[in-house]
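Below is one structure, written out as structure tokens; the observations come after it.
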Amino acid sequence: MSDSTPESAVPERPDATRRQDAHDPRGTPGRPEHGTPPRSRTSVWVTALSLPPLALLAAAAWFGRSVRPGADDWCFLPAVRDDGITGLVGRFYFDDNGRVANAVLVGAYAKFQVAGHQWFGLVSGVLTLAVLWATTVAVLRRGRLTVPRGLPLLVAATATALFLFVTPNTYKTFYWPAASVSHTMPPVLACAALLPFLVARSRRGRGAALATALVAGLVIGTLSEETAIVVAVLLVTVLLLSGRAVAEPSRRFVRLWCAAGVAGVAAGAAVLITSPGSDSRRERFGAGTRSLVAPESLAASLRGFAEIVHTVVTTWQYVGAVAVGVILGLLCRRPDGNPPVLPAKWPLTACAGVAALLVSGYLCTVVTYPVFRERVSAPSANRLWNDYLLVYVALLVCAGAMLGVAARRRAHRTGPLQAACAVLCFLVCFGPAVALLDLDANMRARAEKWDAQDRRLREGASAGAGVLPYERLVISQMLEPFSRQGRSYWPGGCVADYYRIERVTDATRPPGRT
């Protein structure tokens, strides 16, 4: 994968570019700015700067060996073991929630039982990094911008680390496969669907991009209701802006692509909403249409979303996204060697992006509030924020890039600003690193107890026992059987199914007590 645009790329209006450069005291066409370090040296320090977030991702993937099933996992494992992935798809569609694509992905890792949980972090982390890396390269090529080698990797690695590890509950965001499939991976897969659009040049390429948008929308619609909302809002926003922010030659294709994506999401959402499983879920949680649009529910959702916004905005590590964006804006250049200029419609685009983020985030909170109630903004439910958190990180990177472009055209020396941003990119990895080390210790302790209990339950089941005691092994506020002071049995029935026994009892209670 190349990190820069082919040198043969030329501006769309070379005459205008030459006229502008003739009045630009910052440099001449084809010659780098005065004071800019050699690009080979720049590539070295930029690549070195990507090592901390990459090390964070590698460590997190390695710590995944201590992940053990819990909560919903107990129900998925015996279902896939006994009925296969198709059986789980049927269960989701007819009984649980209607998320057909979600069932396929859950079945894909549950097919490997405990090993699937241990490898999930590595696979999902590498996939996130690869998608964001490829997207960064494609966006730069689409914009006819060249950058030092290693810079797209730095942008992708920093965004990946911020998205996955700067969170109140990393376990539920990264390590718990059931939550990741529903809230962390869907926005990444939606981002991957953007790649054919970015690289489309020929009629065949544009046709492939339209088909991908349609199919991806259908998948997202049956994978995650919240991500489907985010995608639909973003596509509608681009569709509304296309008349003013997109040049005439590309406008028709952009509109067709957005329409295809919206149609796909609508079709997927229709499949999900009309499914028997979705009806069953709404009845279980009292999350019908009437409760969603009730004034008290809308007001409570707004309060919850305001608390989420406050938590996210005051998390200082996200400044790393701005910092890496500033580095991108300072180091990118046009094919003629001169710095780029801000798009004429950037204020409109920026305001629309922020509005789309706020609208989609609030709608996601409205959808989830009837189920989670006041916990919708609690750290234990932070996985619900991931559906729009990736958009937040992307907007911060874009804001930083615009600041970098503006600073480059106005400042005489950009070295100190580059150094300050590089330090920030390095520092934002420390907090998540400490949290990961603490989480690894907790996971290893739980894994030892889980493995010992697993052997005991298997031995008891092999000996013909029908009822066996189960010890709660809680981590990161995950649900376990006999939670709520022992009043809640769920998912005890699924644990019993996993070990092929009749039921489990609370090991912390004396025999005979209920």
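The values are calculated or read from the model by the stated rules, or taken from the named source; none is laboratory data. Nothing here was measured: the structure is a model prediction, and the numbers come from that model. Every residue, glycine as well, gets a Cβ built from its backbone with ideal geometry; the counts of neighbours run over all protein chains shown. Note: accessible area is taken over every heavy atom of the protein model, side chains too, but ligands, DNA and RNA are not part of it. Shrake-Rupley method; radii C 1.70, N 1.55, O 1.52, S 1.80 Å.
Which residue pairs have Cβ atoms closer than 6 Å, lie 6 or more positions apart in sequence or on different chains, and pair a first residue in region 110-126 that is farther than 21 Å from Ala192 by Cβ with a second residue that is open to solvent by 50 Å² or more (accessible area, probe 1.4 Å)?
Within 6 Å, the pairs are Gln118/Arg65.
Consider Ala435 against the criteria (1) in contact (Cβ under 8 Å) with a residue 60 or more places away in the chain; (2) outside any helix (DSSP H, G or I); (3) surrounded by fewer than 19 Cβ atoms within 10 Å (Cβ to Cβ): it satisfies all of them except one. Which criterion is unmet?
(2)
Which of the following residues is surrounded by 13 or more Cβ atoms within 10 Å (Cβ to Cβ), among the small types (Gly, Ala, Ser) and under 22 Å from Arg509 (Cα atoms): Gly404, Gly460, Gly466?
The conditions single out Gly460.
Only one residue in Thr146, Thr160 is among the hydroxyl-bearing types (Ser, Thr, Tyr), in contact with a Leu (Cβ under 7 Å, 6 or more places away or on another chain) and more than 25 Å from Val262 (Cα to Cα). Which one?
Selected residue: Thr160, the only one of Thr146, Thr160 that is among the hydroxyl-bearing types (Ser, Thr, Tyr), in contact with a Leu (Cβ under 7 Å, 6 or more places away or on another chain) and more than 25 Å from Val262 (Cα to Cα).
Do you know which residues across region 57-95 are out of contact with any Cys (no Cβ under 9 Å at 6 or more places or on another chain) and acidic (Asp, Glu)?
Asp82, Asp83, Asp95
Among the residues of region 226-271, write down those that are modelled with pLDDT under 95 and either of a type in the set (Gly, Ala, Ser) or closer than 20 Å to Phe92 by Cβ (or both).
Those that are modelled with pLDDT under 95 and either of a type in the set (Gly, Ala, Ser) or closer than 20 Å to Phe92 by Cβ (or both): Ser242, Gly243, Ala245, Ala247, Ser250.
Only one of (1) touching a Leu at 6+ places or on another chain (Cβ under 7 Å); (2) crowded, with 21+ Cβ neighbours inside 10 Å is not met by Gln113, so which one is it?
The one condition Gln113 does not meet is (2).
Here's a check for you: in region 471-514, which residue that is farther than 24 Å from Pro168 by Cβ and among the β-branched types (Val, Ile, Thr) is modelled with the lowest pLDDT?
Per the criteria, the residue is Thr514.
Residues in region 131-183 that are touching a His at 6+ places or on another chain (Cβ under 8 Å) and at pLDDT below 95: how many?
Selection size over region 131-183: 0.
Output yes when any residue across region 283-293 is crowded, with 17+ Cβ neighbours inside 10 Å and either modelled with pLDDT of 85 or more or at positive phi (or both), and no when none is.
Checked region 283-293: no residue is crowded, with 17+ Cβ neighbours inside 10 Å and either modelled with pLDDT of 85 or more or at positive phi (or both).
Among what's in region 139-165 and is open to solvent by 10 Å² or more (accessible area, probe 1.4 Å) and part of a loop (DSSP other than H, G, I, E, B), pick the residue that is nearest to Val246 (Cα to Cα).
Selected residue: Gly143.
Answer yes if at least one residue in region 440-455 is open to solvent by less than 60 Å² (accessible area, probe 1.4 Å), part of a loop (DSSP other than H, G, I, E, B) and without any contact (Cβ under 8 Å) to a residue 24 or more places away in the chain, and no otherwise.
no
Quick one: Arg68 ticks every box in (1) in a helix (DSSP H, G or I); (2) in contact with a Phe, Trp or Tyr (Cβ under 6 Å, 6 or more places away or on another chain); (3) of a type outside the set (A, V, I, L, M) except a single one, so which number is it?
Every listed condition holds for Arg68 apart from (1).
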